[in-house]
Each structure stands twice: as C-alpha cells, then as structure tokens.
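The block underneath contains the structure these notes are about, expressed in structure tokens.
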Amino acid sequence: METVHLSRTGEDIIVPKIFCLGKNYAKHAAEMKSDVPGKPIVFMKPSSAIVHNDAKIKVPTITQDLHHETEVFFVIGKSGKNIRKEDARPYLAAMGIGLDLTLRDIQTELRDKGNPWLISKGFDGSAPISNAVPVEGVDFNSLELRLSVNDKLRQQGSYKNTIFKIEEVIAFISDLFTLERGDLVFTGTPEGVAQLSSGDRLHAELVGYVSLDVEIV
C-alpha cells in the first residue's frame with residue numbers, strides 16, 4: 001500500500017484512503033459550467049493512485065484529454081468518527097500539495113450516462129503527492145498554491161477561497177466514514193485546469209512550504 005512521507009519525523013505513513021472534494025472553488029465550478037454545491041461533493045481514489053516527487057506518469061491509452069487539477073491536501077493524524085467541526089483541527093497531522101489528474105473526456109462520458117466515474121479519477125498515477133509538512137501554527141487561510149507546466153504558470157489560487165474548509169469537510173466525511181491515520185483529504189482545485197500532453201513537466205507548489213515535480217510520458 002502506498003505511503004505519504006512526513007518531513008518533520010521522517011515517517012512514511014500508509015495511506016488507507018484518499019478523499020477528494022469536487023467543485024470546492026467557485027471559479028472552478030464556473031469554468032466547469034456547474035453550480036456551486038450546497039454541501040461537499042466527495043469522491044475517492046485508491047491509494048494505488050499515489051506517486052511521489054519526480055514520478056513519470058504514463059497517459060492511459062483510453063483518454064485523449066488528460067487534465068491537471070492542483071490541490072492542497074491534508075493528512076489525517078489519528079482515527080476518528082462523528083467529529084464535530086470545532087473539534088476537527090487536532091485530527092490534522094500535516095499538509096502538502098497534490099495533483100488530481102483527471103481523464104476529462106472519460107469523466108464527461110461516464111457522468112453524462114449517469115455512471116460512476118472512478119476510472120477517470122482513480123487510475124494509477126492519478127494522485128501525485130509531495131512530502132507532507134506539519135500544520136502546527138499554520139493559518140490555513142494564508143495558504144497559496146501554484147502549478148507551472150513547462151515553466152509556464154497554469155494555476156494559482158488561495159485556500160481561503162475554498163467553499164468548504166477542511167474542518168467542515170472532516171465533520172461531513174466522518175459522519176459517513178471512519179477516518180484513519182494516514183488518510184488524505186484533497187481540498188479541491190482553483191480555476192485554470194487544462195489539458196496535459198506527453199512530455200509536459202509539472203511543478204506544483206504549496207507556496208513557502210513544499211513542492212512537487214512530475215512528468216507526463
């Protein structure tokens with residue numbers, strides 16, 4: 001099973017589950033021609049989707065339209081169930097920058113037919129993650145994220161513009177699923193998602209904290 005590396009302690013923690021939020025930035029919802037959701041839209045990726053810094057990610061043969069989505073992720077530090085929003089912060093161990101790579105054409109086709117779109121989001125290599133750094137003392141609303149592709153800025157956003165903050169998300173998820181140590185929660189992407197091609201080099205940053213470099217092959 002794949003792991004997340006905690007920079008402070010040097011631990012590699014097994015990742016049991018990956019939770020992801022859809023349409024958690026209003027401008028991204030708009031660019032996808034969707035309404036702003038009234039409650040968190042949650043989907044999952046298998047931990048086998050994880051790759052790490054300097055990974056080379058193969059484009060699946062079933063797609064003609066691989067997209068990047070750059071996201072802040074949080075690492076759950078201890079197990080919990082039915083966690084109240086006001087009690088959520090102690091359950092967070094660390095944070096990092098990740099990519100929710102998406103087969104957009106496959107997602108659209110499956111969604112339009114009313115079918116689950118796991119294969120468009122959960123394929124091998126679809127969850128590149130950086131090392132994770134501690135959250136102690138961090139004002140989450142100050143977090144900034146960026147993505148450059150071939151040294152050109154593609155995405156830039158601020159966590160403060162998320163519709164649902166991580167504390168509210170933890171409360172929502174933990175009513176349905178038991179959170180386990182090592183679970184990851186991806187918090188959604190800002191606007192600017194776009195197509196990737198073989199040979200593209202991606203550099204994602206949680207500005208001032210950690211970065212991630214991968215290549216599409």
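Nothing in this text is a laboratory measurement; each read-out follows from the coordinates by a stated rule. Everything quoted here is computed from the prediction, not taken from an experiment. A quick note on method: Cβ atoms are made from the backbone with ideal geometry, for glycine too, and the neighbour counts reach across all protein chains shown.
Which order do the peptides 107-118, 161-172 take when ranked by the mean count of other beta-carbon atoms within 10 Å per residue, highest first? Please list the in-between numbers first.
On the way: 107-118: 12.4, 161-172: 19.5.
Going from most to least packed, we get 161-172, 107-118.
Can you give the Kirkwood hydrodynamic radius of segment 83-123 from its Cα pairs, in Å with one decimal? Don't skip to the end; give the middle numbers.
Details: mean 1/r = 0.0776 Å⁻¹.
Radius from the Kirkwood sum: 12.9 Å.
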Seminar exercise, completed: Pairs over 32 Å Cα to Cα, from LYS39/LYS78; LYS81/LYS121; LYS81/LYS160; LYS81/LYS152; LYS27/LYS56; LYS78/LYS152, come to LYS81/LYS152; LYS78/LYS152
Exercise. Does segment 1-89 come out rounded, prolate or oblate by the C-alpha gyration tensor, with a ≥ b ≥ c the root eigenvalues, rounded set by a/c under 1.5 and, if not, prolate when a/b is larger than b/c and oblate if not?
Worked result: oblate
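In what sequence, highest mean first, do 204-214, 2-12 appear when ranked by Cβ atoms within 10 angstrom? Spell out each step's value before the answer.
On the way: 204-214: 19.1, 2-12: 15.5.
Final packing ranking: 204-214, 2-12.
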Exercise. Going by the alpha-carbon gyration tensor, a ≥ b ≥ c the square roots of its eigenvalues, is the chain rounded (a/c under 1.5) or, if a/c is not under 1.5, prolate (a/b greater than b/c) versus oblate?
Worked result: rounded
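Once the convex hull of the alpha carbons of segment 117-206 is built, what does its volume come to per residue, in cubic angstrom? Don't jump to the answer; show the numbers that get you there.
Values: hull volume 13.1 nm³, N = 90.
Convex hull volume per residue, Cα atoms: 146 Å³.
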Problem set entry | Span from the segment 141-169 Cα centroid across to the segment 172-217 one, whole angstrom | 10 Å
For this session: Mind checking which of LEU92, HIS203, THR70 is farthest towards the positive end of the chain's charge dipole, using Cβ charges of +1 (Lys, Arg) and -1 (Asp, Glu) about the Cα centre?
Result: LEU92
Exercise. Quick one: Karplus J couplings for segment 172-188, per residue in order, coefficients 6.51, -1.76, 1.60, θ = phi - 60°, nearest Hz, x for Gly and Pro?
Worked result: 5, 5, 6, 6, 10, 10, 6, 7, 10, 4, x, 4, 10, 10, 7, 9, x
Problem set entry | Simple spin-label estimate for LEU110 and GLN195 in nanometres, 7 Å along Cα-Cβ | 2.1 nm
Exercise. HN-Hα J couplings of segment 197-210 from phi, Karplus 6.51/-1.76/1.60, θ = phi - 60°, integer Hz, Gly and Pro as x?
Worked result: 10, 4, x, 5, 10, 10, 10, 10, 9, 9, 4, x, 10, 7
Seminar exercise, completed: Quick calc, the chain, dipole around Cα centre from Cβ unit charges on Lys, Arg (+) and Asp, Glu (-), nearest 20 debye, gives 380 debye
Seminar exercise, completed: Interchain or sequence-distant (5+) residues whose placed amide H lies within less than 5 Å of the amide H of ASP65 are ARG104, ASP105
For this session: Within segment 55-73, find all residues whose amide N lies under 15 Å from a label point positioned 7 Å from the Cα of ILE119 along Cα-to-beta-carbon.
Result: 60-65
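ASP213 to LYS39: FRET efficiency via 1/(1 + (r/R0)^6), r the Cβ-Cβ distance, R0 41 Å, to the nearest 0.05? Walk me through the numbers before you get to the answer.
Values: r = 35 Å, r/R0 = 0.85.
Here the calculated transfer efficiency is 0.75.
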